[in-house]
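A.B. asks: Before we start, here is the structure in question, set down as structure tokens.
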Amino acid sequence: MSESSPNFNSRFPFYGPQGRLVLVDSALEAVSRGSTTIGIRTSKFAIISSQIKPTHPLMEPSEKIFSIDFHVGATGSGYIGDILQLTDTLRLEAQRHRLNYETPIDIDSLAKHLSSFLHNYTTYAVRPQAASMILAGADQNGIQLYQVDPSGTFFRGSGFAIGQSSDIALDVITKEYNADMTQADAIKLVKKAIEKALGEKPIVEIGVVTQNSFNKLPLEKT
Amino acid sequence: MSESSPNFNSRFPFYGPQGRLVLVDSALEAVSRGSTTIGIRTSKFAIISSQIKPTHPLMEPSEKIFSIDFHVGATGSGYIGDILQLTDTLRLEAQRHRLNYETPIDIDSLAKHLSSFLHNYTTYAVRPQAASMILAGADQNGIQLYQVDPSGTFFRGSGFAIGQSSDIALDVITKEYNADMTQADAIKLVKKAIEKALGEKPIVEIGVVTQNSFNKLPLEKT
Amino acid sequence: MSESSPNFNSRFPFYGPQGRLVLVDSALEAVSRGSTTIGIRTSKFAIISSQIKPTHPLMEPSEKIFSIDFHVGATGSGYIGDILQLTDTLRLEAQRHRLNYETPIDIDSLAKHLSSFLHNYTTYAVRPQAASMILAGADQNGIQLYQVDPSGTFFRGSGFAIGQSSDIALDVITKEYNADMTQADAIKLVKKAIEKALGEKPIVEIGVVTQNSFNKLPLEKT
Amino acid sequence: MSESSPNFNSRFPFYGPQGRLVLVDSALEAVSRGSTTIGIRTSKFAIISSQIKPTHPLMEPSEKIFSIDFHVGATGSGYIGDILQLTDTLRLEAQRHRLNYETPIDIDSLAKHLSSFLHNYTTYAVRPQAASMILAGADQNGIQLYQVDPSGTFFRGSGFAIGQSSDIALDVITKEYNADMTQADAIKLVKKAIEKALGEKPIVEIGVVTQNSFNKLPLEKT
Amino acid sequence: MSESSPNFNSRFPFYGPQGRLVLVDSALEAVSRGSTTIGIRTSKFAIISSQIKPTHPLMEPSEKIFSIDFHVGATGSGYIGDILQLTDTLRLEAQRHRLNYETPIDIDSLAKHLSSFLHNYTTYAVRPQAASMILAGADQNGIQLYQVDPSGTFFRGSGFAIGQSSDIALDVITKEYNADMTQADAIKLVKKAIEKALGEKPIVEIGVVTQNSFNKLPLEKT
Amino acid sequence: MSESSPNFNSRFPFYGPQGRLVLVDSALEAVSRGSTTIGIRTSKFAIISSQIKPTHPLMEPSEKIFSIDFHVGATGSGYIGDILQLTDTLRLEAQRHRLNYETPIDIDSLAKHLSSFLHNYTTYAVRPQAASMILAGADQNGIQLYQVDPSGTFFRGSGFAIGQSSDIALDVITKEYNADMTQADAIKLVKKAIEKALGEKPIVEIGVVTQNSFNKLPLEKT
Amino acid sequence: MSESSPNFNSRFPFYGPQGRLVLVDSALEAVSRGSTTIGIRTSKFAIISSQIKPTHPLMEPSEKIFSIDFHVGATGSGYIGDILQLTDTLRLEAQRHRLNYETPIDIDSLAKHLSSFLHNYTTYAVRPQAASMILAGADQNGIQLYQVDPSGTFFRGSGFAIGQSSDIALDVITKEYNADMTQADAIKLVKKAIEKALGEKPIVEIGVVTQNSFNKLPLEKT
């Protein structure tokens, strides 16, 4: 491509220089300023946790850990309005699956549905959603943990961090992760990682997936 | 993202620098110039109140406290035309719920409906609505108070302030809030907060939620 | 919002600096150059009146006072084509109400319908209508007077002025308004206010609402 | 509105400075370069007449006087393609009325239909039509004459002039109009006005409305 | 209109300075570079003829004279793709008329249909078609000849020329036209006019309308 | 048109200076860089042939000669994605004709269908397809050869060349074409023309229409 | 085309200078930065393989080899969100074929379906997908290997490389390809080519097509 072509592209802003998806890059930049949010998984459980940004005393902090179905929870980082919409989308898909197949949806299908939903917003003249999501659930394949990004990209894994200073948080998790750790150790690790990322003791919301179900921990217990 | 990319984004104005939602920021800027508006809640009641901007003597001030259903009231700050549309949306949803389920809608569902309605306007090539709303109602979970913003973000809490100098008003409320105060104390507190915010004695409209119902106070009584 | 954001917004012109609705501002600017138009109300009657802009001798001036239903009249200021469309909208809504409920529409419902109709044009990529309207009518709540603006904002009151130099006209009305005045006094007052605003004796068209009905006065009688 | 706002508006070109409808202004500018066209009315008849722009000898001049229904004729000034479309619209509406009500359409309804049709083109992202029309007809209220402009504005009267140098033509008409003149006098007056406007003897097409019907005069007779 | 308004209009390019239809002007400019094309009519016959632009020897020249129905032929100048589409439109309309009314379509209706079809492309955000068409046919009113332009304007007459140097060709036709000439004289005249316009002996395609039918002359006979 | 009008047109890019179709010109420019492609016809057969651009050894060159129906073949030059779409369109139309009429489609109808399909893309705000096509087939009128361009223009003839240096290739064909030549001579001529155009011995794909059917020659035989 | 035409085109960015498809060029630029990805084929088997970009230890790398149907696999390079969507499209088409025809889809049909799907995105005002895909499968014609690009172009062959430094990888493959090599040799060759392209030993994912089926090799085995 000649040196003048970025100039051409700039009128129709799907692509920037080097074929970058410029609106998705903006969405990711918004995500990188969101609450520090973490997911962690062993073969026995998964923990999802998100920093509760301090509000004034009379305001309940926005919910950051969402129950999607009995066996799945989700959290996210980015614009709250976008996270809420994606959460609704996940819940609807989980219900639709139960209605059609009379079984709980497997986590991989749910992540792919979210991926495809987000990808659509990158292709048409609308706003790509500015939220990365972490899904945790239990299905016939065991405990599952996924991250889905605004571009529709998704990842499976045992540890994810998104939002503000997520690279620091991820570093902590990676170094101290232990496939045999207890649920209590994992919660401690998650808190430590968020604290390290923020440079101060945060309030966090926590959800736990076990073989049986997804549960949010009461906020006061964290 | 390279330094030239904000330039790229600027052609398709969903996102500004740092992934800001530029149109939502404009809408919020309009809200920050609206009437100072407050919501307050205890376990026994909720008060919503909004400054009545002085008009000429022959003009009745615009209604700022809206009855949504027997058990829910709302107020808002921003463009009146936008507030009126959102109010209609809330009333319609409350009626739809009654028709479908033969029970009054719970306040959380109503706030989420409004959140989703507003979020839609942030994603397509239309105008995000320039109004923040405060909902107060009573349902099976007790007295509820919500704030919903143009981005679709919503909050639950015991005290909110939106509109002009809302940070000052919120400060007053936060300092003097008392979970055991009487309804009369609460009304006094709300008036004091708006007065402090505006630097002058305002006229305010007031609505009260109790376990039984939502009622607007007659304007002359305030 | 940073100092560069107005620049961002300018590409997508719903919002201007400080969250202004720029197209609605243009519409209001057009209204402010329209015929000086007044509405006045007591508990016994309402008068609506609009300046008839001088045309050449062989042209009948455009109608400015419109009969909407037996019990409602309207006038407006701004582009005549826009006023005519809004008048049609009002008539249609009044008829629809009669067909559905077999009762005359109440004036509040009619004003809200117009408000919602106008608000729609502020949200999508179309032209907000450049006309403010004054509605006067009689219903079970007595004599009613409303003003509805291009943004969809509406007001109830006893005295309104819109169009060219409306602030001067409103000033006259406000000072000399008397809730006990006779219909003849009110008509004199309205004429005086328009004359003051324009700095010359105008021709005006006048409509009168009483408990029984809306009537236009024959133009020669004014 | 601040001094920078015209700059804002300029991106979305419905409104120009001072709330002007810029596309309608362009349409009117095109009309002002069209054929000089006149309508005149007494209680006994109406004459509509339009200059026939000289073409080459083998081309019949475009028809400028259109029969709409037995009792209505129309003429216009502006782009011929636009005039033709508006003429079709008028004919269709007149036929629809006959089909629905089994009576000839009254001229006021016909003018309002055209007004509303034209107004639509001023509100959406399409081209406002560049033609002003003059309608003449006879109905239960006697002989009627209307002018309808690209903005949807319409006028009733006894004398109109549109198109090139229409102000000069209107001046002639206004000065010499006589409510008791004969049809022959009126035709002479119309020709004189067009001649004065153009500064040369024009060829004109003429249509005549009487109590009974609308008729075009044969071109050779003028 | 102020001096800044052309600047305003330029963003929404339906209208240029002086209310010009800028896209239609471009279409007409394309037409003015098309094949020189002529129509001529007497009370006994009509001839339509278009220059065949020289191609390489192995390519048959594009057909320029089109049979529309037994009694109608057409030719055009401008982009061939556009001419072909308009020809299809004419054929379809002629067939539709036969199906609905069981009579051949009259030429005036056909020309008006084409006019209305072309006019539509001038009003919406699409490309006005770059072709002028000449229609010739025989109906109950005798031999008919029409020219229809990209704006939807149409003309009736006895002689038309469109395309390259059409003013020169029209000049020849106008000077030497004779209402009593024979078909052979007319064909000679048409050829002479095209030759004069182009400054060289052209190849032309010719179609002939008589009272009975439309026929294309075999190309070799011309 | 004044000297400022290109400036106006440039905002709405259907037309460029002199009424050029700018997007179609771009499409044609892409075609002019495509594979050199030739069609040749006598009364007994037709040959279509396209240069196979060298690829790396493990990649089969893209098919350039397409069987459309038993009696029709096609080739094209331009973007391969566009050629493939047009080929599908041709096949579909041929099948539709067989289903509706139970006869093979005639080549003229097929070319016109393609022409109309391509023309549509020049009129709306989409991308005109960047491919010229050559169709060859046998029907009741004998052996037929057509070229269809991105503008929807089509040509019939006995020899066509499109793509890179097509003018050179066409020159060779024109000079050496002989209506009585054998199929073997024609194939030789086609290869020679492409070789001359490219300045090197090309690999070509070849399709042959005879009275009975269309067949692709096996690539190795060429 | 004159030297000013690129300037014209630049407003409507389907085409750039020389008729380039500018958005497709951007998409291809994104592809050229994707994972190095290879397909290789002999008459007995096909191998598809893609570099697994290193992630952090707790994240499973994104799947790059996709099972489409029992007899088909696919891989791709570019944006993962786009690859995932295209993979879904392939799977859906394969299932639809099975449902309609009760046979496995042949690979050529599948590649053409993908080609047509991608081509659509190049023609309308949406984002062309930024992914090139390689399909490998077995059908009645033996082992098949295809590459499909964002423009909708597709290729058949025995060796393809896409993504980062694909020219280096392709060079290795081309030089060392041997139609008689064993599956183990082919896998070694593929790994070597990717290693050469990247300048370091990569992790790769591998899928194998044999006469009987498509299978992914377990990642640890590579």
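A.B. asks: Just for segment B:144-179: of the residues that are within 10 Å of chain A (Cβ to nearest Cβ) and β-branched (Val, Ile, Thr), which one is farthest from residue B:91 (Cα to Cα)?
C.D. replies: In this case the residue turns out to be B:174.
A.B. asks: Restricting to segment G:92-125, give me the number of residues that are more than 29 Å from residue F:79 (Cα to Cα) and of a type in the set (S, T, N, Q).
C.D. replies: 3
A.B. asks: Moving to a separate point now. Any idea which residue in segment B:146-155 is farthest from residue C:20 (Cα to Cα), counting only those that are assigned to a loop (DSSP other than H, G, I, E, B) and of a type outside the set (Asp, Glu)?
C.D. replies: B:153
A.B. asks: Need a quick list: strands (runs of 3 or more DSSP E) entirely within segment B:36-131 having at least 3 residues that are surrounded by fewer than 22 Cβ atoms within 10 Å (Cβ to Cβ).
C.D. replies: Where strands (runs of 3 or more DSSP E) fall fully within segment B:36-131, none carries at least 3 residues being surrounded by fewer than 22 Cβ atoms within 10 Å (Cβ to Cβ).
A.B. asks: Take segment E:37-72 and flag every residue that is aromatic (Phe, Trp, Tyr) and away from chain F (no Cβ under 13 Å).
C.D. replies: E:45, E:70
A.B. asks: Within segment F:156-178, which residues are surrounded by fewer than 20 Cβ atoms within 10 Å (Cβ to Cβ) and assigned to a strand (DSSP E or B)?
C.D. replies: F:156
A.B. asks: Note down all Cβ pairs under 6 Å where the first residue falls in segment C:73-92 and is farther than 20 Å from residue C:217 by Cα and within 12 Å of chain D (Cβ to nearest Cβ), the second is modelled with pLDDT under 95 and outside any helix (DSSP H, G or I), and they're at least six residues apart or on different chains.
C.D. replies: C:80/C:62
A.B. asks: Could you please find all residues in segment G:119-143 being aliphatic (A, V, I, L, M), out of contact with any helix residue (DSSP H, G or I) (no Cβ under 7 Å at 6 or more places or on another chain) and more than 12 Å from chain A (Cβ to nearest Cβ)?
C.D. replies: G:134, G:136, G:138, G:143
A.B. asks: So which of F:134, F:194, F:206, F:143 is outside any loop (DSSP other than H, G, I, E, B), touching a strand residue (DSSP E or B) at 6+ places or on another chain (Cβ under 7 Å) and either of a type in the set (Asp, Glu) or over 12 Å from residue F:37 (Cα atoms) (or both)?
C.D. replies: F:143
A.B. asks: Go through segment A:137-161 and report how many residues are closer than 19 Å to residue A:216 by Cα and without any contact (Cβ under 8 Å) to a residue 12 or more places away in the chain.
C.D. replies: 0
A.B. asks: Checking residue B:220 against (1) at pLDDT below 95; (2) crowded, with 16+ Cβ neighbours inside 10 Å, which single condition isn't satisfied?
C.D. replies: Result: residue B:220 passes all but (2).
A.B. asks: Restricting attention to segment B:172-189, which residues are over 13 Å from residue B:44 (Cβ atoms) and among the hydrophobic types (A, V, I, L, M, F, W, C)?
C.D. replies: B:172, B:173, B:187, B:189
A.B. asks: Any idea how many residues of segment C:184-222 are within 21 Å of residue C:138 (Cβ to Cβ) and of a type in the set (Gly, Ala, Ser)?
C.D. replies: So the count comes out to 4.
A.B. asks: While we're looking at this one, here's another question. Which ones in segment A:20-35 are part of a helix (DSSP H, G or I) and either acidic (Asp, Glu) or within 30 Å of residue B:173 (Cα to Cα) (or both)?
C.D. replies: Those that are part of a helix (DSSP H, G or I) and either acidic (Asp, Glu) or within 30 Å of residue B:173 (Cα to Cα) (or both): A:25, A:29.
Residues are listed down the side, and each one gets a yes or a no for (1) more than 16 Å from residue G:75 (Cα to Cα); (2) within 14 Å of chain F (Cβ to nearest Cβ); (3) hydroxyl-bearing (Ser, Thr, Tyr):
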position: G:182; (1), (2), (3): yes, no, yes
position: G:185; (1), (2), (3): yes, no, no
position: G:189; (1), (2), (3): yes, yes, no
position: G:196; (1), (2), (3): yes, no, no
position: G:205; (1), (2), (3): no, no, no
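The values are calculated or read from the model by the stated rules, or taken from the named source; none is laboratory data. Since the model is a prediction, treat every value here as computed from it, not as a measurement. Positions of Cβ are backbone-derived with ideal geometry, glycine not excepted, and every protein chain shown enters the neighbour counts.
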